[in-house]
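K.L.:
Mind having a look at this structure? Questions to follow.
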Amino acid sequence: MARSLAEIQVEIHELSVADKEALLRCLWEDLDGEPDSAVEAASLEEAQRRDRELDEGVVESVPAGEVFARLEAAEMKPR
């Protein structure tokens with residue numbers, strides 16, 4: 001007989017943080033399905049392109065604090 005979701009949730013709360021993280025990764029992979037090699041290859045290619053652009057000075061990075069400040073300022077403006 002399968003355990004109820006409530007019973008499983010109680011057990012999850014008793015797990016260590018590391019075990020919760022491992023469980024979460026397992027569930028995420030299960031829900032996400034099989035990896036798509038074409039998507040993974042495209043993601044790697046994009047990351048490498050962006051890294052080259054930074055190395056070559058084609059683009060400049062923006063510090064995270066500045067990005068968040070810009071977003072916050074944009075949210076404050078009336079539309």
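K.L.:
Could you list all residues from segment 17-47 that are surrounded by fewer than 10 Cβ atoms within 10 Å (Cβ to Cβ), acidic (Asp, Glu) and not in a helix (DSSP H, G or I)?
P.N.:
34 - this is the single residue of segment 17-47 that is surrounded by fewer than 10 Cβ atoms within 10 Å (Cβ to Cβ), acidic (Asp, Glu) and not in a helix (DSSP H, G or I).
K.L.:
Can we say residue 54 is hydrophobic (A, V, I, L, M, F, W, C) and over 19 Å from the mean Cα position of the chain (by Cα)?
P.N.:
Against the criterion (hydrophobic (A, V, I, L, M, F, W, C) and over 19 Å from the mean Cα position of the chain (by Cα)), residue 54 qualifies.
K.L.:
Restricting to segment 50-66, give me the number of residues that are surrounded by 10 or more Cβ atoms within 10 Å (Cβ to Cβ) and either touching a Cys at 6+ places or on another chain (Cβ under 6 Å) or in a helix (DSSP H, G or I) (or both).
P.N.:
Number satisfying all stated conditions: 6.
K.L.:
Would you say residue 69 is among the hydrophobic types (A, V, I, L, M, F, W, C) and loosely packed, with under 11 Cβ neighbours inside 10 Å?
P.N.:
Taking the combined requirement at face value, the residue does not satisfy it.
Read-outs throughout are calculated quantities, based only on the coordinates presented, and are distinct from any laboratory measurement. Here the structure is a predicted model, which is why all the values come from computation and not from measurement. Neighbour counts are summed over all protein chains in view; Cβ atoms, including those assigned to glycine, are modelled from backbone coordinates with ideal geometry.
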